[in-house]
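First comes the structure, then the notes that go with it.
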Amino acid sequence: MAQNKLFTWYGNEDRPGIAGMKADTTVDVVDSYAAESPIMPGDAVLRGTEEGTVKSVTAATDGPEVIGIALHKHYDPEIGCYPAGTAVDVMTSGDVYVTAGGDVQPGDKADIAIDDGTVAFTKSGGTNTLPGITFLNSGAKGDVVRIRIRL
């Protein structure tokens, strides 16, 4: 008897995740903001200078101010990001993929690292810990890994 392929569980035979992509279908919270400056999917964001705006983290010391992660959505590939003034969806609670900035393990608290102007998520070293954000799986620098946000 042939197997019924009409229904499969989310996650079964999925393609690998990309930074900013929702990691699963668990309950999450996604808020919409206007981008104050260009924002890439998977970027950690903090509140902008104007009400209702967000901007990407630019310094490791921004870690404690992070409110969420910019989610992936289809955008103009020639631009390469969400330009200033456009809508950006920010996951403030839930599971999302990000790029690891070093070796991480499940349960590690997340931190921000800046390397050649690129923001990456690392194992917490203490002062710049992202509040309520932990890694769900292991990875090395440059790997796409899952984090859980519980702010």
Original post:
Quick one: in region 38-57, which of the residues that are in contact (Cβ under 8 Å) with a residue 24 or more places away in the chain and open to solvent by 40 Å² or more (accessible area, probe 1.4 Å) is farthest from D111 (Cα to Cα)?
Top reply: P38
Original post:
Between residues in region 106-124 that are within 17 Å of I69 (Cα to Cα) and residues that are among the aliphatic types (A, V, I, L, M) and part of a loop (DSSP other than H, G, I, E, B), which pairs lie under 7 Å by C-beta distance while being six or more apart or on different chains?
Top reply: I112/V57; I114/A59; V119/V57
Original post:
What tally of residues in region 109-135 results from selecting those that are surrounded by fewer than 19 Cβ atoms within 10 Å (Cβ to Cβ), in a loop (DSSP other than H, G, I, E, B) and either in contact with a Lys or Arg (Cβ under 7 Å, 6 or more places away or on another chain) or small (G, A, S) (or both)?
Top reply: 3
**OP:** Return a yes/no flag: does region 90-99 have any residue that is buried (at least 17 other Cβ atoms within 10 Å of the Cβ) and in a loop (DSSP other than H, G, I, E, B).
**Re:** no
**OP:** Answer yes if at least one residue in region 58-66 is touching a helix residue (DSSP H, G or I) at 6+ places or on another chain (Cβ under 8 Å) and open to solvent by 60 Å² or more (accessible area, probe 1.4 Å), and no otherwise.
**Re:** no
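The values are calculated or read from the model by the stated rules, or taken from the named source; none is laboratory data. Treat the numbers as computed from the prediction; the structure is a model and nothing was measured. All Cβ positions, even for glycine, are placed from backbone atoms using ideal geometry, and neighbour counts span all protein chains on display. Note: areas computed on protein heavy atoms with side chains; ligands, DNA, RNA excluded. Shrake-Rupley method; radii C 1.70, N 1.55, O 1.52, S 1.80 Å.
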